[in-house]
Amino acid sequence: MAVIPPVVLGFLESGWEVALAVLVLFSINNFAWDNILKPRFMERSLHIPFLVTTLSVVFWSWVLGSVGTILAVPLTMVVRNLYYNKNISGG
């Protein structure tokens, strides 16, 4: 949805070649950030592997619906921290 206004503007100002170039560049940029860079940054900062993040989105969206999809990573962090703190305290 976010790519539509720049593509239309590129088409209106410079023709279909520029519109196509904008579409391709937006797609490459979006793919790189969402599938390559963002998972690596999240894995380093949150210490949660990418597979766990993906499975948490599936699980929490199944449990809570669309709200669970948005809250999947924070809820997974809460569960992980509660489990980790419980095991450390000997409970």
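Yes or no, residue by residue, for (1) without any contact (Cβ under 8 Å) to a residue 40 or more places away in the chain; (2) surrounded by 13 or more Cβ atoms within 10 Å (Cβ to Cβ); (3) closer than 30 Å to residue 6 by Cβ:
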{"position": "20", "(1), (2), (3)": "yes, yes, yes"}
{"position": "37", "(1), (2), (3)": "yes, no, yes"}
{"position": "44", "(1), (2), (3)": "yes, no, no"}
{"position": "55", "(1), (2), (3)": "yes, yes, no"}
{"position": "62", "(1), (2), (3)": "yes, no, no"}
{"position": "71", "(1), (2), (3)": "yes, yes, no"}
{"position": "74", "(1), (2), (3)": "yes, no, no"}
Restricting the stretch 9-52 to residues that are under 30 Å from residue 78 (Cα atoms) and of a type in the set (Gly, Ala, Ser), which is nearest to the chain's Cα centre (by Cα)?
-> 32
Part of a helix (DSSP H, G or I), under 13 Å from the mean Cα position of the chain (by Cα) and modelled with pLDDT under 95, is that true of residue 85?
-> no
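The values are calculated or read from the model by the stated rules, or taken from the named source; none is laboratory data. Quick caveat: nothing in here was measured; it's all calculated off a predicted structure. Cβ sites come from the backbone with ideal geometry, for glycine too, and all protein chains shown count toward neighbours.
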